[in-house]
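The values are calculated or read from the model by the stated rules, or taken from the named source; none is laboratory data. This structure is a prediction, so every number in the text was calculated from the model and none was measured. Neighbour counts are summed over all protein chains in view; Cβ atoms, including those assigned to glycine, are modelled from backbone coordinates with ideal geometry.
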Amino acid sequence: MNEPSQYRSWVEIDLDAFRQNWEEIRRLAGDRSRILQVVKADAYGHGAIEISQHALRNGASFLGVANADEGVQLRVGGIAAPVLILSPSPLSEIDEIVKYDLMPSVSDLEFAAALSRSLEKRGMRLPVHVEVDTGMGRGGILYSEALETIRSILSLPCLDVEGIFSHLASSEIREDRLNETQWERFSKLLADLDAAGIRIPIRHFSNSGGILNFPGYGLDLVRAGIMTYGIYPSPTLNGLAGLSPVMSFKTSIVLVKEFPPGYSIGYNGTFVTKRNTRIATIPVGYGDGYGLLLSKIGEVLVRGTRVPIVGRVSMDMTTIDVTGVPECRTGDEVVLLGRQGKGYIPANEIAAKAGTISYEVLCTMGKRAPRVFVNKGKPDAVEPRLRRVFIPGEERSIARIDQIIRSCLEARANDRELGNAIYYEMLETLFGKENRQLELRSGFDYRIRVREFSEEEKQGDPGSELFFKVTTQVGYTKLLKNRVFFIGCAMTNEQLSQLFEDPACEYRWLFNTRNEQIREEDFRVQGVRIDGSPVPILRTDQTGRGLEVWCGGEELEEKLNRPVRLEIQIVTKKVKRNRLFSVYLVYPTRGLNIDFDYEGTSIRNVREVSFFSGKHLYPEVREERGKSVALSIGENDWIFPTSGVTFVWDLDL
């Protein structure tokens with residue numbers, strides 16, 4: 001951003017550079033290895049929620065955090081993708097791990113047993129990854145004890161050992177023999193597991209240094225951290241990939257003063273002017289992560305020119321000598337980390353001056369400043385500081401969140417009673433259960449085609465005179481969460497409610513019938529497509545909650561946790577005496593088109609009764625008398641649950 005900022009100081013996150021780095025990581029990882037995006041420590045200071053969302057859009061299969069608190073922050077921020085806790089967890093985190101569907105790494109049998117007991121009480125199962133210590137000497141089961149410990153973990157009733165991993169201690173130093181030693185130990189353990197008939201699906205070993213230095217260590221998954229943010233794990237690795245720094249830390253000059261020789265600047269007078277000197281004050285200090293150790297040795301960019309820090313860095317202010325930039329003035333942008341014009345101050349340089357590493361610089365720099373996310377050269381999102389700070393337990397509780405939502409609805413409706421009514425109808429009914437994930441959809445396209453049964457079809461079903469044949473094509477874009485899912489058809493509201501509770505149920509239908517169960521010929525899923533490709537229909541089951549048509553397969557693995565376009569075609573019956581057809585939106589949806597086509601039937605005088613919540617309460621309605629009625633809402637406009645439309649008609653008998 002070149003224009004003056006509205007913020008005291010700010011951190012710019014270049015999403016174009018982030019995407020470029022991801023392309024490099026995909027190239028280096030190859031087709032075999034999936035990628036885990038490490039977002040611990042607020043995504044190394046870059047903003048965990050936004051970075052997670054963009055990583056998932058670029059193909060991340062997992063997100064990695066350091067503890068349950070960070071995982072909960074992602075869940076509260078609307079992230080539904082698999083979240084792996086990379087560090088050992090204390091027993092006190094088990095409740096949050098289970099409640100928020102986080103994936104712990106297991107480093108000892110005691111924790112695994114306690115986790116399994118907690119899950120058993122809830123009637124749940126949870127995937128875990130086993131960490132093995134092959135030479136880091138930190139987390140993980142000691143490699144020599146790992147085989148027997150894994151056997152014991154596998155015997156626990158509620159844990160699914162989905163992954164196994166180890167962590168390289170010196171991956172940034174290619175010549176360090178410890179890397180080979182760790183790889184040999186891990187490889188031997190995997191071979192011993194195979195020999196014992198134990199096959200753990202996801203094996204991972206490489207961090208950023210491993211990706212760059214040891215391509216043969218990739219296995220099933222790689223954990224990409226510092227390099228996704230455009231920083232090499234060590235300056236010695238510069239150039240091994242085409243990485244671009246993602247973070248810049250910026251502020252503005254708030255004061256400029258002229259001083260005579262002999263004037264002391266800052267605490268304790270550690271700098272005294274020797275000549276007429278022009279000093280600018282910037283509103284950044286060690287409270288913002290710009291370290292005290294940078295006093296008198298740090299540099300910043302003003303109008304593309306490097307200028308020195310003078311005096312002592314204080315908590316909230318720092319002074320710089322701008323004598324060499326006589327044209328600078330109050331309000332000018334100052335870059336502490338990143339590029340300005342032809343000038344560049346990299347994280348590695350700041351780290352060297354402060355006697356630390358670039359990881360610490362990124363994690364602490366601008367820690368109380370908002371993150372401004374720049375996409376295609378323009379700011380397109382801002383993440384305020386308070387969104388990045390972890391939400392305390394009381395604020396995070398379901399009751400507290402409910403109260404916040406109620407208050408917002410009351411204020412919007414300007415009526416407490418009405419606000420409460422909206423709350424109960426829109427949220428309590430659909431999302432009242434703590435373990436139900438909120439889904440977002442876009443481009444909702446719903447096309448209903450009502451027709452009379454043909455003479456040939458009537459011969460196969462004598463009762464068809466009492467029904468219309470209804471073909472429905474449903475399409476929407478969403479994040480794919482299950483490689484195998486089902487489309488459910490319920491006979492009662494109670495059964496429909498049960499379908500809503502199952503996360504594997506992708507789409508639900510209510511079919512009123514006097515039969516004891518729904519016949520397959522009354523409800524047929526003719527086809528399912530994802531991103532235009534057919535999805536196999538695996539089987540059809542009659543259950544206590546209706547008819548379930550299961551679809552999917554291993555071929556959807558690569559699409560998991562990515563936005564996909566899902567299309568479903570259903571053929572069913574509509575009782576003629578029931579002269580209405582309803583369409584409901586049960587998830588927040590952006591963009592809508594609903595088309596009711598009844599041409600050539602005995603239906604007449606069709607009326608639409610719509611009920612929509614959102615910015616646009618009244619959709620655009622297009623009617624072609626005797627043929628169709630269609631409704632639409634713009635592709636960028638959100639519609640909130642529960643919204644929908646009911647088509648009502650008369651019938652020529």
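Structure data summary
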quantity	calculated
Filter result for Ala81 (outside any loop (DSSP other than H, G, I, E, B), surrounded by 18 or more Cβ atoms within 10 Å (Cβ to Cβ) and not hydroxyl-bearing (Ser, Thr, Tyr))	no
Within the range 106-136, tally of residues that are more than 27 Å from the chain's Cα centre (by Cα) and among the polar types (S, T, N, Q)	1
Test: residue in the range 88-101 that is under 19 Å from Arg562 (Cα atoms) and buried (at least 18 other Cβ atoms within 10 Å of the Cβ)	no
Top-ranked residue of the range 186-199 - restricted to ones that are at pLDDT 95 or above and under 24 Å from Ile35 (Cβ atoms), ranked as surrounded by the most Cβ atoms within 10 Å (Cβ to Cβ)	Phe186
Selection status of Glu120, at pLDDT 95 or above and more than 16 Å from Leu84 (Cβ to Cβ)	no
Residues being buried (at least 16 other Cβ atoms within 10 Å of the Cβ), outside any loop (DSSP other than H, G, I, E, B) and among the hydrophobic types (A, V, I, L, M, F, W, C) - total across the range 286-340	12
Contacts under 7 angstrom Cβ, first residue in the range 234-252 being free of Cβ contacts under 8 Å to residues at least 60 places away in the same chain, partner in a helix (DSSP H, G or I), 6 or more apart	Leu240/Leu212
Of residues in the range 265-282 being outside any strand (DSSP E or B) and crowded, with 16+ Cβ neighbours inside 10 Å, the one modelled with the highest pLDDT	Thr273
Candidate set from the range 4-47 (those that are of a type in the set (D, E, K, R) and assigned to a helix (DSSP H, G or I)); member that is farthest from Tyr359 (Cα to Cα)	Arg27
Filtered residues of the range 183-204 (kept if within 17 Å of Leu147 (Cβ to Cβ) and touching a Leu at 6+ places or on another chain (Cβ under 6 Å))	Asp192, Arg203
Subset of the range 464-516 that is modelled with pLDDT of 90 or more and among the hydroxyl-bearing types (Ser, Thr, Tyr) - its residue that is farthest from the chain's Cα centre (by Cα)	Thr471
Top-ranked residue of the range 473-512 - restricted to ones that are assigned to a strand (DSSP E or B) and of a type in the set (D, E, K, R), ranked as nearest to Asn561 (Cα to Cα)	Lys478
Residue count, the range 354-398 (criterion: modelled with pLDDT of 60 or more and loosely packed, with under 14 Cβ neighbours inside 10 Å)	5
Test: residue in the range 527-538 that is in contact (Cβ under 8 Å) with a residue 60 or more places away in the chain and in a strand (DSSP E or B)	no
The range 64-78 - residue that is under 11 Å from the mean Cα position of the chain (by Cα) and assigned to a loop (DSSP other than H, G, I, E, B) and, of those, surrounded by the fewest Cβ atoms within 10 Å (Cβ to Cβ)	Gly78
Within the range 558-653, strands (runs of 3 or more DSSP E) holding 2 or more residues that are over 30 Å from Val83 (Cβ atoms), in the same structural domain as Glu457 (by TED's automatic domain parsing) and among the polar types (S, T, N, Q)	563-575, 603-614, 628-651
Selection status of Leu63, at pLDDT 90 or above and assigned by TED's automatic domain parsing to the domain that holds Ala113	yes
Checklist (1) under 20 Å from Gly163 (Cα atoms); (2) of a type in the set (Lys, Arg); (3) over 18 Å from the mean Cα position of the chain (by Cα) applied to Arg26, failing item	(1)
Residue check, Gly591 within 24 Å of Trp509 (Cα to Cα), among the small types (Gly, Ala, Ser) and buried (at least 19 other Cβ atoms within 10 Å of the Cβ)	yes
Hey, Ile94 over 22 Å from Ser206 (Cα atoms), part of a helix (DSSP H, G or I) and free of Cβ contacts under 8 Å to residues at least 40 places away in the same chain or not	yes
Filter result (in contact with a Phe, Trp or Tyr (Cβ under 6 Å, 6 or more places away or on another chain), under 21 Å from Glu360 (Cα atoms) and in contact (Cβ under 8 Å) with a residue 40 or more places away in the chain) within the range 290-312	Arg312
Matching residues, the range 234-264, being closer than 21 Å to Thr364 by Cα, outside any loop (DSSP other than H, G, I, E, B), touching a Ser or Thr at 6+ places or on another chain (Cβ under 9 Å) and of a type outside the set (D, E, K, R)	Pro235, Phe249, Thr251, Ser252
